[in-house]
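Participant: What follows is a single structure, and I will ask about it in a moment.
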Amino acid sequence: MKRFIAILATTAVLAVPAHAADDEEMSDGLSLIDQGARLFFRGLMNEMEPAISDLQALGDEFGPKMAELVNEMGPALSEMLDRIDDIRNYEAPEVLPNGDIIIRRRPDATPWEPREDDIEL
């Protein structure tokens, strides 16, 4: 029994430095992974910077025009969307030679049921 306790104690003493070395190697590995990830994302940001700048310039150019479109067309589009039951029931808009735009209901769509205020008397 004394021999077993001596072997167990020796094994425990020898395992502690090995375990500490594993922790040190593990932290070095994580440190390298961390550094690699930082370098990767820094490179990615450097590559994306021109595209982000172009996107910002595009937003600066079209932002006021989009705001104007929303202000002018927003109420009409909102009213139209209130009358449409499901956008998948309609075909793509068709522009006629005179400039009118027609949005036709798909032939395979469920029958349309008008609202009370859609019916003219």
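Every number here is computed from the coordinates shown, using simple stated rules; none is lab data. For clarity, every value in this text was computed on a predicted model and none was experimentally measured. Cβ: placed from backbone, ideal geometry, glycine included. Neighbour counts: every protein chain shown.
Participant: Skipping prolines and chain starts, which residues have an amide H placed within reach, meaning under 5 Å, of the one on Tyr90, given they are 5 or more residues away or on another chain?
Facilitator: The answer is Arg106.
Participant: Here's something else I'd like to know. Only loop residues by DSSP count here, and only those with at most 14 other Cβ atoms within 10 Å; note down the chymotrypsin sites (Phe, Trp or Tyr not before Pro) in region 40-121 that meet that. Present the calculation step by step, with values, prior to reporting the outcome.
Facilitator: Working: sites: Phe40, Phe41, Phe62, Tyr90, Trp112; in loops: Trp112.
Those satisfying the criteria are Trp112.
Participant: Sticking with this one: Please compute the modelled spin-label separation between Ala109 and Arg42, points set 7 Å along Cα→Cβ, answer in nm with one decimal.
Facilitator: 5.6
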